[in-house]
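Undergrad: Take a look at this one; I'll ask things after.
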Amino acid sequence: MSFSASIITLFPELFPGPLGASVLGRGLSDGLWSLQATQLRDFATDRHRSVDATPSGGGAGMVLKPDVLAKAIDTVAPQGDPRPRILMSPRGKPLTQKRARELALGPGAVIVCGRFEGIDQRVIDARALEEISIGDYVLAGGEVAAMVLLEAVVRLIPGVLGGADSHADESFENGQLEYPQYTRPQSFEGVDIPPVLTSGDHGKIAKWRAEQSLELTRARRPDLLDPRKS
Ligand code: SAH
């Protein structure tokens, strides 16, 4: 079974969107992964097909109803579905390369996209949704966040990117940022490629890259080097 993503959203027409382009899109049409976007409104029970209601206790905006969302989740992922159930949420655990890699090795994911002020806490608890955030800012909905999550995950599915080695050196994979990259031409606006990279000495190249990675990480993201934070 290949990686299977199910999205619950009020805007299924947004998918696959960018996930349908380039290598991820090729992986999708080749069956290396699959994507299903389900319209939350199809699970509404009243005449107006309402999915939201005013916040209990007052305040601005609307909240997604727990009964409608629970029904959608139970239909998309009936009991026994092994896939993790994720809610995109600014209150969630920040998305990391480590979590993306774990998800890529698993059976897939069921992803709930919030809208408005968010969703009723009781359905988060009752369906044990894993809340994941893509950063400390607030979006208008979970759809773009779900795409970010899936893009990070799907490119790690074996066969999607090709080249078994192509992830090993990347930023975050070894707890550091990637070294700077160069390519032809040899001279660009008077600046040459660092000579070590064209020396052909692979030992020296590896050493230079490791030094550059460390230097860059120290300067820009010292938090990544702090063992207490890993
Ligand atoms: N009132 C909420 C924000 C709601 S934003 C709060 O203050 O926490 C509406 C929806 O957008 C959320 O339910 C969530 O699904 C999505 N969303 C917004 N920001 C996000 C982020 N940083 N990461 C992941 N999802 C986000």
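Undergrad: Tell me, what ³J(HN,Hα) does each residue in region 2-8 have, in order and in whole Hz, if you take phi through Karplus 6.51 cos²θ - 1.76 cosθ + 1.60 with θ = phi - 60° and put x for Gly and Pro?
TA: Rounded to whole hertz, the list is 8, 4, 10, 9, 10, 10, 10.
Undergrad: What value in Å³ per residue do you get for the convex hull of the alpha-carbon atoms in region 169-230?
TA: Normalising the Cα hull of region 169-230 by residue number yields 89 Å³.
Undergrad: About its Cα centre, what dipole magnitude does region 30-84 give when the only charges are +1 on Lys and Arg Cβ and -1 on Asp and Glu Cβ, stated in debye to the nearest 20?
TA: Dipole magnitude for region 30-84 comes out near 180 debye.
Undergrad: Check which residues have an amide H placed less than 5 Å from E130's amide H, if you skip close sequence neighbours.
TA: Amide H neighbours of E130, under 5 Å, 5+ apart: R85, I86, L87.
Undergrad: Pop out the carbon and sulfur fraction of the accessible area of region 119-230 as a percent, whole number, probe 1.4 Å.
TA: 53 percent
Undergrad: Follow-up. Calculate, for region 122-230, the solvent-accessible area per residue in square angstrom, rolling a 1.4 angstrom probe over the heavy atoms of the protein chains.
TA: Here the residues of region 122-230 average 65 Å² of exposed surface.
Undergrad: Could you pull out the longest piece of the chain with no exposed loop GluC sites (Glu not before Pro) in it, calling a site exposed if DSSP puts it outside H, G, I, E, B and it has at most 14 other Cβ atoms within 10 Å?
TA: 1-116
Undergrad: Also, I was wondering about something else. If R0 is 22 Å, what FRET efficiency do you get for R122 and M62 from their C-beta distance, rounded to 0.05?
TA: Calculated transfer efficiency: 0.85.
Undergrad: When the accessible area of region 41-97 is computed with all protein chains present and a 1.4 Å probe, what percentage of it is carbon and sulfur?
TA: That share works out to 52 percent.
Undergrad: Find, to one decimal place in angstroms, the Kirkwood hydrodynamic radius of the chain, where the mean of 1/r is taken over every pair of different Cα atoms and then inverted.
TA: Radius from the Kirkwood sum: 20.2 Å.
Undergrad: Output wanted: per-residue J couplings in Hz (rounded whole) for region 94-107, from phi through Karplus 6.51 cos²θ - 1.76 cosθ + 1.60, θ = phi - 60°, x for Gly and Pro.
TA: Residue by residue, region 94-107 yields x, 5, 10, 4, 5, 5, 4, 5, 4, 5, 5, 8, x, x Hz.
Undergrad: Tell me, which longest segment in the chain has none of the trypsin sites (Lys or Arg not before Pro) that fall in DSSP loops with at most 15 further Cβ atoms within 10 Å?
TA: Longest stretch, sites excluded: 50-230.
Undergrad: Mean separation of Cα pairs under 8 Å and 6+ residues apart, divided by the residue count of the chain: what relative contact order is that in percent?
TA: Taking the mean separation of contacting Cα pairs over the length of the chain, I get 20 percent.
Undergrad: Here's a follow-up. Considering amide H positions built from the backbone, and no H for Pro or chain starts, which residues 5 or more places from I8, or on another chain, come under 5 Å of its amide H?
TA: When sequence neighbours closer than 5 places are left aside, the close amide H contacts are T38, I111, V112, C113.
Undergrad: Here is a further query. Rg over Rh of region 29-92, using C-alpha atoms and the Kirkwood radius, what does it come to?
TA: So for region 29-92, dividing Rg by the Kirkwood Rh gives 1.05.
The values are calculated or read from the model by the stated rules, or taken from the named source; none is laboratory data. Because the structure is a prediction, the values reported are computed rather than measured. Neighbour counts are summed over all protein chains in view; Cβ atoms, including those assigned to glycine, are modelled from backbone coordinates with ideal geometry. In case anyone asks, the SASA skips ligands and DNA or RNA and just uses the protein heavy atoms, side chains included. Shrake-Rupley method; radii C 1.70, N 1.55, O 1.52, S 1.80 Å.
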